[in-house]
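Every number here is computed from the coordinates shown, using simple stated rules; none is lab data. Fair warning: this is a prediction, and the values are worked out from it, not measured in the lab. Here Cβ is always computed from backbone atoms with ideal geometry, including for glycine, and neighbour counts include all displayed protein chains.
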Amino acid sequence: MVGTIKHVEVDIQAKLDDFRLASKENEDKARHWDKELAKLCKERAAAHGESGEPAPELLTEEELAHFSTDAQNMVGLVQRSQLERGRQPNDPNVMTELPKRDDRVTQT
């Protein structure tokens, strides 16, 4: 009984360590991309400053989520229409092997 409890405790501790490590990695990635975004915003402002036009505003999180959802819906509609026409949907996430062409001449 005590051995089982100790085993479960060790498993939980290992999972907790994994989650802590993943959290730290995600925080590091977020800091990195925040720096990259700030650098690009400065470049964008400088580029628009040279042309005399005001820089367009960035999308808010809600607007960005809305566009992402619209894009996902559009992909679904295209795939559904392809299925209705009897074609295999084009899925950019799935790599398919192209059919090999038979270069041999058939004799009739």
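A few remarks follow.
- Radius of gyration and maximum dimension Dmax of the range 35-89, Cα, Å: 18.4, 52
- Efficiency of FRET from Cβ geometry, M74 and L37, R₀ 30 Å, rounded to 0.05: 0.70
- Qualifying lysines (Cα of each under 29 Å from Cα of K24; at least 8 residues distant if same chain): K6, K15, K35, K39, K42
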